[in-house]
Amino acid sequence: MKTTLVLLLAIMISLPQTIPLPNLLFPNQHEQMLTPEQAKQILTTQLTKNPALGPIKITAVTYSNGQYHISYTRESNCESGTHIINAYTGETVGGTRNQC
């Protein structure tokens, strides 16, 4: 058992480092994280695809566990909500929407 473990470690150390081991264990560690401004722009672009609905106003941006929680309001149709955006990929991963 020890011989096999030593052999595996020797092979891993001798291989060229094409993919650093920490990236396999912690994939988001070295990825570029979006700024709050970039996250706000992503949400604004998503929510203003239909110009007839009117503009939105960002009311809050918070960061937690690799996600931006962005709250907004839209007065033209009495809409408000919070979208959750992945801070590394820019994808919307959840949220809420309310309308009067």
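The values are calculated or read from the model by the stated rules, or taken from the named source; none is laboratory data. If you're wondering where the values come from, they're calculated on a predicted model, not measured in any experiment. A quick note on method: Cβ atoms are made from the backbone with ideal geometry, for glycine too, and the neighbour counts reach across all protein chains shown. SASA here: full protein model, heavy atoms, side chains in, ligands and nucleic acids out. Shrake-Rupley method; radii C 1.70, N 1.55, O 1.52, S 1.80 Å.
Being under 24 Å from E31 (Cβ atoms), touching a Gly at 6+ places or on another chain (Cβ under 8 Å) and either in a helix (DSSP H, G or I) or open to solvent by 40 Å² or more (accessible area, probe 1.4 Å) (or both): is that true of Y88 here?
Yes: the conditions hold for Y88.
For segment 47-89, how many residues meet the condition of being in contact (Cβ under 8 Å) with a residue 24 or more places away in the chain, farther than 22 Å from T35 by Cα and among the polar types (S, T, N, Q)?
1
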